[in-house]
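The values are calculated or read from the model by the stated rules, or taken from the named source; none is laboratory data. If you're wondering where the values come from, they're calculated on a predicted model, not measured in any experiment. Note that each Cβ is placed from the backbone with ideal geometry, even for glycine, and that neighbours are counted across all protein chains shown.
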Amino acid sequence: MAFVDTLMNGTENSFKPESLSALQKVTLRAVVMSFLFYGLAALEGMLMRGAEVNPGLPPVFNDPAHFFSMMTVHPIVGLFGSTYQLVFAAFTFLIPFLTKKPLYSTKLANATWLLITIGTAASWIGAFVWHYAPLYTLYWPLPADTQQFSLIGGIVFIVGVALIMVGTLGFIYNVYSTIFARVGVHANKTTKELLISGFGVDGLLNLINKLRGKQPYTKEPALSLPVVAIFRGTVDTFLDALVILGAGVLVLVYLIAEAGGVDLDVSAVDALLYKNFFWWGLDLVADGLVLIYVAGSWYLLATIITGQKLFMENVARAALMLELLVSWMVWSHHLLADQGQPEMMKLISGEMVTAFELLTQGLALFITLMTLWKARPLKMTNELKYLLAGLVGFGLAVPAGIIQADMAMNRVLHNTQWIIGAHVHIAILVGLYMTLYSVVYVLWPLVTNNAKLYSQKLANTHFWLHLIGGIGMGASMGMAGLGGMLRRHFYMNGEYSSYMIVAAIFGSMLLLAWVIFLYNIIMSLGVKGLIGIFMPANNDISSYGLEEEEAKA
Amino acid sequence: MTFETSLELLSFHWVAYTVYSLLIISIIAWFAYNLTRETKAKSIVRIPFYGYISFLVAAGVGHHMFTYNAVPWVEQDITRHNLTADRTFDISIKNQVFTLPKEKMTAKYGEQVMFNVHSEDLVYGFGLFRDDNTMVMQMQVNPGTKNDILWTFKECGNFHMLSTEYSGPAGAKIRIDNAFSVTGCDKGDV
């Protein structure tokens, strides 16, 4: 009976959803959706891996159309449905928390998670029901190829992606409206001051003044460093959303024209130019958004965990500005295998500027570790160990990507499992998710009003299973890539079975980790508590801690 | 140090990256252990900040300089339009079907071979693979642009061809066995 009681009401009945503010509820709603989509993406990954070992296994049943439709939605569900939602949820809460200002609109925040959820579901349906499978790369003119794909499936899929991007634009509007609102501590700040701080210019000017022996440009920057990282990363999120939305509109125009009996010429759009446009935008997710958001999250976590100022804060601010230039100029590393791409673009953008990401990410890793190091001894809390695991993830994944952004290596690694395993999966599953789990544990008492965690042992088990599973799976995939295994290919004769079996074992650890994490959360909050999160809030409070401060004043 | 085949480069890469991975995991684990100890650990080595930054820059740039000098196909790729190929093969693709030259594509050990691949509809890839499925080399094949690759074969054998880029579900079945062969490694081999 105790089990049923905990299952229904949470641990020691400590979670009271009716006590949550509108801001807390909207944050938790997106977090719940994010972890559900994470499970779906993980399951899809395992099913695809199973099919690479035995193509006859369900649900693929030797059908490449089904296999590739799963491969198409796997990153949509994993990146947008899960990662975007989790990042957006955290920042939707953190921006008001850190700036001590109310969120611009909780209604818009609710619309954001709803649009992304509906959009992800629509894309999934478009692929699952109609087998629409142009992959997330949408290489022109494949998405408009109605000889291979269903018209209606394509329209549903693309509308789904467009909804995700509209939701993303909603998040961006909310972030900037909150940051630029001249209320509270920013009541006397000008837009110019906030912009200078948001782009890290004040950090750079402080550094220059220090070198010239002058007084700092500002002793108290208008925005705290994590907000600067969110501000800066959101620029890339915005541009990325515009590019993906643009690509979606282009595909929709062709599909709708086809539905209307008009046969538009696909060769009117140059395939290589389209690739450049698409990768310029998409790479902003990977190299701009992820690396910058992550750097900001590391800085925030390091300062919260240690309770001390960030080591070399001005350098960190200036580095975020440098990353602005780097992230916009690196897309050609995706086009090193395209012989029509000008060689100078390959050399400058694809190799040299891309190599700077080693510098910017290495700097973030150094600053975070030094901040922790100077504050030792520290207690090995959940926040700290997940943060350290996140550092390991990027420590492994960033060089794996930089190695391939080289004309020699790319010739033998492009489109292999190396890049998707050793680089992308380790970066996302270990680097990004471990950092986000650390954020989850930091925010847990704040967004749940101190709900008790059901089991620390389960939290530890989740940590080790996820860490070992993530690194092991990425490494096995990477090794398969070195053995020639392609990333966008369906091997129907078990050519790489041994690698895939090992990857599946580690993948199972990841899946099990997710089940344990989910179980721990359900038992902490209770089924009633989880339902309560989705019920309307009893108040419209869109800030954290301000009301108490105002009451005291 | 020079790598004659992609297999040699990938083997070197396998070892180098594994060593690096173990090193970075060990460093963070060492940090984690010492972060929680009451007695403060003394640093094993003191790395000045600018030394660390210089190392990152050197690693990022030096990596390319190393491969440019140690991997022959980089320079050959950049200057391929000024080089004369020993053999040239024209290949076209349409509706997920490769059309190869009528005569079997062959070359002798050490010859420079140019592959011109033309797509008439979608984005494809062109890759040659060994019997054990390891990759010799690959490139993307875009419609509307020239897709050519010059390669010096320093290994013999029969190589199969795959499209290394996804072009729709039917693309999974694009595979041409014994598409290209290289002879001349043995003394008696003509």
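A compact table of results
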read-out: Sole exception among (1) more than 23 Å from A:G478 (Cα to Cα); (2) facing another protein chain (nearest Cβ under 9 Å) for B:R130, by number; value: (1)
read-out: Selection status of A:T27, within 30 Å of A:L546 (Cα to Cα), among the β-branched types (V, I, T) and within 13 Å of the chain's Cα centre (by Cα); value: no
read-out: Lone unmet requirement of (1) at the interface with chain A (Cβ under 8 Å from one of its Cβ atoms); (2) under 16 Å from the mean Cα position of the chain (by Cα); (3) within 25 Å of A:G483 (Cα to Cα) for B:I24; value: (2)
read-out: Filtered residue count, the range A:491-531, keeping only those that are under 14 Å from B:N133 (Cβ atoms) and assigned to a loop (DSSP other than H, G, I, E, B); value: 6
read-out: Qualifying positions in the range A:327-359 - more than 9 Å from chain B (Cβ to nearest Cβ), part of a helix (DSSP H, G or I) and farther than 16 Å from A:I419 by Cα; value: A:S327, A:W328, A:M344, A:M345, A:I348, A:S349, A:V353
read-out: Residue ranges of helices (runs of 4 or more DSSP H) in the range A:1-100 with at least 1 members free of Cβ contacts under 8 Å to residues at least 24 places away in the same chain, touching an Asp or Glu at 6+ places or on another chain (Cβ under 7 Å) and surrounded by fewer than 19 Cβ atoms within 10 Å (Cβ to Cβ); value: none
read-out: Residue count for the range A:360-369, restricted to those that are among the hydrophobic types (A, V, I, L, M, F, W, C) and either facing chain B (nearest Cβ under 8 Å) or over 20 Å from the mean Cα position of the chain (by Cα) (or both); value: 4
read-out: Whichever residue in the range B:36-52 is closer than 28 Å to A:M409 by Cβ and either within 7 Å of chain A (Cβ to nearest Cβ) or outside any helix (DSSP H, G or I) (or both) and, among such residues, is modelled with the highest pLDDT; value: B:Y52
read-out: Subset of the range A:110-158 [aliphatic (A, V, I, L, M), within 14 Å of chain B (Cβ to nearest Cβ) and part of a helix (DSSP H, G or I)]; value: A:A127, A:L142, A:A144
read-out: B:L9 vs. criteria hydrophobic (A, V, I, L, M, F, W, C), touching a residue at least 40 places away in the same chain (Cβ under 8 Å), within 11 Å of chain A (Cβ to nearest Cβ) and out of contact with any Leu (no Cβ under 9 Å at 6 or more places or on another chain); value: yes
read-out: Conditions (1) crowded, with 23+ Cβ neighbours inside 10 Å; (2) within 14 Å of chain B (Cβ to nearest Cβ); number of the one not met by A:D270; value: (1)
read-out: Pairs, first within 14 Å of chain A (Cβ to nearest Cβ) and surrounded by fewer than 20 Cβ atoms within 10 Å (Cβ to Cβ) in the range B:166-184, second at pLDDT 95 or above and not in a loop (DSSP other than H, G, I, E, B), C-beta under 6 Å, six or more apart; value: B:R175/B:L162; B:D177/B:H160
read-out: Pair list, Cβ < 6 Å and 6+ apart or interchain, from the range B:75-91 residues that are farther than 26 Å from A:D406 by Cα to residues that are in a loop (DSSP other than H, G, I, E, B) and not aliphatic (A, V, I, L, M); value: B:D86/B:E111; B:F89/B:P101
read-out: Which listed residue is crowded, with 23+ Cβ neighbours inside 10 Å, within 9 Å of chain B (Cβ to nearest Cβ) and of a type outside the set (D, E, K, R), from A:I419, A:I402, A:I426; value: A:I402
read-out: Qualifying position, being within 28 Å of A:I471 (Cα to Cα) and either within 7 Å of chain A (Cβ to nearest Cβ) or of a type in the set (D, E) (or both), among B:F31, B:F55; value: B:F31
read-out: Residues satisfying the stated conditions in the range A:398-454, i.e. under 16 Å from A:G507 (Cα atoms) and in contact with a strand residue (DSSP E or B) (Cβ under 8 Å, 6 or more places away or on another chain); value: A:Q417
read-out: First in the range A:491-514 and farther than 24 Å from B:T164 by Cβ, second anywhere and among the polar types (S, T, N, Q), Cβ under 8 Å, 6 or more apart; value: A:F506/A:S476; A:A513/A:T461
read-out: Counted residues, the range B:102-151 - those being touching a residue at least 40 places away in the same chain (Cβ under 8 Å) and crowded, with 18+ Cβ neighbours inside 10 Å; value: 16
read-out: Selected residue (criterion: nearest to the other protein chains (Cβ to nearest Cβ)) from residues of the range B:137-164 that are in contact with a helix residue (DSSP H, G or I) (Cβ under 6 Å, 6 or more places away or on another chain) and under 19 Å from B:E75 (Cα atoms); value: B:M137
read-out: Where a residue in the range A:454-467 is assigned to a helix (DSSP H, G or I) and its partner, wherever it lies, is of a type in the set (F, W, Y) and surrounded by fewer than 16 Cβ atoms within 10 Å (Cβ to Cβ), with Cβ under 9 Å and at least six apart; value: A:L458/A:Y519
read-out: Given (1) touching a Lys or Arg at 6+ places or on another chain (Cβ under 8 Å); (2) surrounded by 20 or more Cβ atoms within 10 Å (Cβ to Cβ), number of the condition A:N449 does not satisfy; value: (2)
read-out: Among (1) surrounded by fewer than 23 Cβ atoms within 10 Å (Cβ to Cβ); (2) in contact (Cβ under 8 Å) with a residue 40 or more places away in the chain; (3) more than 17 Å from A:Y386 (Cβ to Cβ), the one test that A:M477 misses; value: (1)
read-out: Looking only at the range A:157-211, and only at residues there that are out of contact with any helix residue (DSSP H, G or I) (no Cβ under 9 Å at 6 or more places or on another chain) and within 17 Å of A:P96 (Cα to Cα), the one that is surrounded by the fewest Cβ atoms within 10 Å (Cβ to Cβ); value: A:A187
read-out: Residue that is nearest to the other protein chains (Cβ to nearest Cβ), among those in the range B:70-109 that are closer than 27 Å to A:K346 by Cα and in a loop (DSSP other than H, G, I, E, B); value: B:V71
read-out: Selection count, the range A:370-388, where residues are modelled with pLDDT of 95 or more, within 8 Å of chain B (Cβ to nearest Cβ) and in a helix (DSSP H, G or I); value: 4
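Here is a yes/no grid of residues against (1) assigned to a loop (DSSP other than H, G, I, E, B); (2) farther than 30 Å from A:L86 by Cβ; (3) modelled with pLDDT of 90 or more; (4) not aliphatic (A, V, I, L, M):
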position: A:T168; (1), (2), (3), (4): no, no, yes, yes
position: A:V175; (1), (2), (3), (4): no, no, yes, no
position: A:T178; (1), (2), (3), (4): no, no, yes, yes
position: A:N206; (1), (2), (3), (4): no, yes, no, yes
position: A:Y217; (1), (2), (3), (4): yes, yes, no, yes
